[in-house]
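Laboratory data are not the source of any read-out in this text; all were calculated from the coordinates shown. On a predicted model such as this, the values are computed, not experimentally measured, just so you know. Note that each Cβ is placed from the backbone with ideal geometry, even for glycine, and that neighbours are counted across all protein chains shown.
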Amino acid sequence: MTNLRWTTAGESHGAALIGVLEGVPAGLEVDLGRIDAELARRQGGYGRGGRMKIETDRVRVLSGVRAGRTLGSPIALELENKDSTIERLPVPTSARPGHADLAGCQKLGQRDPRAVLERASARETAMRTALGALARLVLERFGIEIFAHVVELGGARARAEAFESAAGERAKLRESSAFHALDPQIEADWRARVDAAKAAGDTLGGVFELRVLGLPPGLGSYHSGAERLTARLGAALFSIPAIKGVEFGLGFESARRSGSQVHDEIVPRAGTFGRFARATNRAGGLEGGMTTGEELVARVAMKPISTLRRGLATVDFASGESVLSTWQRSDVTSVPAASVVGEALVALELTRAFLERFGGDTLEQVAQAYTDQVERLRRL
């Protein structure tokens, strides 16, 4: 069994972000242009702030790749911070509401929010985006597609059928969208809401949807709670700063319906993964902590950015008096960017589950294990 592991290091205004990805089999062709393209998508979206004009993320491989292919050893990546001013930035005199500042200072027993916010910053997600872009190259080798799009912003929702109706035009539609969305009809409304929030010194949250197509059944496990893929994917998505809700399939709506309106009946249907299929996909492609072979569907809710230009009430560390929180720069909304990070985190977790199921030292061995399992499913 292959154990895919990853970690990151670095601060928001430090010299660089570093990421290490272990467990990728040898022989995988690494397209750095694809990784840089995902980093560029993360920096896009209407309503982004000044930091995106400073950083132009390009990944540098430090180890684990030779002649454009993985060696099977740990892969180390680097993203340089152009705004590497950590030693020159002033220490804030108060904590910002909605951030990790106060709880972190209480944890450390000190009054320096920068000791907390430099690592708690969403800047760290740039490296996780790079690691996820690398991991998804494994999944794409087996025809698995991960696709996220924004479905709600500032309380206004896109058409529910936008994903299905876009069909083969999905990538093109999302690329042309200022919000990484699939419903052009809603974008003027969203743009107006972002402009109004910016003028008011406020921020907006929203919801993005993740779809994963081509997953074989049986990824994950029912053996223990920690192995259940539902829990693992949920934890990965909740690890993104500002995420407040994750649901799969019907999600919370399933609690409002009777069982006959929730569970997906099994029907005979010849397909890539055997003779069985679900008549519906209300479970969102997950049952018993495992993939079902149906499309994986998740929706992720993001709160508004915590740094408001107009400020929020807080308390000065030294005087104990009420003051307004400080503002340097921030996004009005970063839901489109969060959707890209969501893709990356799901890619990492699904690649881990995929290699647990079909692991090997080389990509060729993984491919053979996958082919053998598909054949077994057809005989079931």
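A compact table of results
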read-out: Packing-based ranking, highest mean first, of 109-116, 60-67, 227-234 given that Cβ atoms within 10 Å are counted; value: 227-234, 109-116, 60-67
read-out: Contact order relative to length of segment 88-379, as percent, for alpha carbon pairs under 8 angstrom and 6 or more apart; value: 26
read-out: ³J(HN,Hα), Karplus 6.51/-1.76/1.60, whole Hz, each residue of segment 333-350, x for Gly, Pro; value: 8, 9, 4, x, 5, 4, 5, 5, 4, x, 4, 5, 5, 5, 4, 4, 5, 5
read-out: Other-chain or far-sequence residues with amide H under 5 Å of residue 278's (modelled H); value: 267
read-out: Candidates 146, 86, 18: whichever shows maximal mean-square fluctuation once the chain is modelled as a Gaussian network with Cα springs under 10 Å; value: 86
read-out: Value of [θ]222 nm, deg cm²/dmol, for the chain, DSSP H segments ≥ 4, -39500 (n - 2.57) each, nearest 500; value: -9500 deg cm²/dmol
read-out: Folded to 0 to 90 degrees: helix 32-42 orientation relative to the chain principal axis, Cα; value: 50
read-out: Protection proxy ranking, peptides 332-338, 101-107, average beta carbon neighbours within 10 Å, highest first; value: 332-338, 101-107
read-out: Tilt relative to the chain, helix 187-199 - C-alpha long axis, 0 to 90 degrees, to 10; value: 30
read-out: Proxy reagent accessibility, fewest Cβ within 10 Å first, across 190, 327; value: 327, 190
read-out: Debye log10 I(q)/I(0) at q = 0.12, 0.18, 0.20 Å⁻¹ for segment 115-227, Cα point scatterers; value: -0.63, -1.12, -1.19
read-out: Stokes-Einstein D (µm²/s) once Rh is taken as the Kirkwood radius of segment 17-108 over alpha-carbon pairs, at 4 °C in 1.567 mPa s; value: 80
read-out: Cα Rg over Rh - the chain, Kirkwood; value: 0.98
read-out: The chain: angle of helix 363-379 to the longest principal axis, Cα-based, in degrees nearest 10; value: 50
read-out: Considering only the chain, percent of DSSP beta bridges that pair antiparallel, nearest 5; value: 95
